[in-house]
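The values are calculated or read from the model by the stated rules, or taken from the named source; none is laboratory data. Being a predicted model, the structure only gives us computed values, none of them experimental. Here the Cβ positions follow ideal geometry from the backbone for every residue, glycine too, while neighbour counts run over all protein chains shown.
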Amino acid sequence: MRTTDFDFFLPDELIAQFPAKERRGSRLLHLDGNSGKLEDRLFLDLPTLVQPGDLFIFNDTRVIKARLHGEKLSGGKVEVLIERVLGEFEALAHVRASRSPKPGSLLRLADAFNVEVIGRQDDLFHLRITGETPLLDLLEQYGNLPLPPYITHNAESTDEERYQTVYAREPGAVAAPTAGLHFDNDMLEHLKQLGINIAYVTLHVGAGTFQPVRVDNINEHKMHSELYSVPQATVDLIEQTRARGGKVTAVGTTALRALESAARSGALLAGQGDTDIFITPGYRFQVVERLLTNFHLPKSTLLMLVSAFAGVEHIRQAYAHAVTARYRFFSYGDAMLIERQD
């Protein structure tokens, strides 16, 4: 398939710049991937669309304050976006500068601490803290929240709360698993009281999630790699849910990608590792029957993923409806609940 098969017109005013007043205050478009039937709902309706004994799986990654500004000690301003933390004192990062820093050079960040450039991995720079304070502590104190490129305002205190799920606990993401932003603690508790089980995976979302596909033939696209973990307790709950006929709902494409990565051998196995799984139409899903997700960028890998989940034409029609019905798009926007196409 061609990248242009996943393009659509989106008016700029439908790109949500701020979250809804309340986390669960968004709209919800319900799509049946088999019939293509669409229903305009509210996110508050979600508990009526699932059954006792179903399982929701959330991505518990935590967004870190990954953006830093500074200068090369040799001269010249730099902007650093941490992509992946590599232990206490090292990271891979995007570095923007008039001239790329060379291995061995030092960067002074936030006028507070130094990092050394110790090498490169493709487009990423391998950085090491020169002091004794762990990187995550420095980011929390001096870093800025890395809002998506289509959000035009600088991160504010409100964003530090709302661009983070209420269940975030494993620091390492540079972008939020945005389907989870709709849940508050009351909604989670309500689902539990209805007999819905909850489990977690971790996938540290990278900045590559916002990158458009730049090749014409989608088979030529190379995915960015992300670190994931699927606990044995989550695998056990999935098996128990299947045994009693319940459905597994992935909350977000990142949770879905973690689960499908863990099932690549043909069986779902607990463990952790790197994944560059690229899900496109024709893919056979092994773990998830239902997906809760936001609306995705034109020509993006995530739009291709949901097209694989519900069918290309059904997603095309759903997105056209969402534009006409003035749904809010992207990270701070409205949600979709998609029943998988058999």
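Laid out as a table, the results:
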quantity	calculated
Selection within region 1-44 - of a type in the set (D, E, K, R), buried (at least 16 other Cβ atoms within 10 Å of the Cβ) and outside any strand (DSSP E or B)	R23, R24
Close pairs (7 angstrom Cβ cut-off, 6 or more residues apart or separate chains): at pLDDT below 95 in region 321-342, outside any strand (DSSP E or B) anywhere	D342/N34
Unique match (being of a type in the set (S, T, N, Q) and at pLDDT below 95) among S225, S261	S225
Residue tally, condition closer than 12 Å to E71 by Cβ and outside any loop (DSSP other than H, G, I, E, B), over region 97-114	6
Close pairs from region 1-26: first closer than 24 Å to L181 by Cβ, partner among the charged types (D, E, K, R) and assigned to a loop (DSSP other than H, G, I, E, B), Cβ under 6 Å, at least 6 apart	F6/K299; A16/R328; R23/D184; R24/D184; S26/D334
Residue satisfying condition, being more than 20 Å from the chain's Cα centre (by Cα), closer than 30 Å to T253 by Cβ and among the small types (G, A, S), within set G87, G76	G87
Sole exception among (1) crowded, with 16+ Cβ neighbours inside 10 Å; (2) farther than 23 Å from Y228 by Cα; (3) among the small types (G, A, S) for G119, by number	(1)
2 or more residues more than 21 Å from T4 (Cβ to Cβ), in contact with a helix residue (DSSP H, G or I) (Cβ under 7 Å, 6 or more places away or on another chain) and not polar (S, T, N, Q): qualifying strands (runs of 3 or more DSSP E) within region 243-332	248-251, 290-294
Region 68-88 residues that are free of Cβ contacts under 8 Å to residues at least 40 places away in the same chain, paired with ones that are of a type in the set (K, R) (beta carbon under 7 Å, 6 or more apart)	E71/K77; E71/R108; G76/R99; V78/K72; V78/R96; E79/R96
Verdict on I218 being outside the structural domain of F295 (by TED's automatic domain parsing) and crowded, with 17+ Cβ neighbours inside 10 Å	no
Count - residues of region 142-157 that are buried (at least 17 other Cβ atoms within 10 Å of the Cβ) and in a loop (DSSP other than H, G, I, E, B)	6
Selection count where residues are assigned to a helix (DSSP H, G or I) and among the hydroxyl-bearing types (S, T, Y), scope region 45-77	1
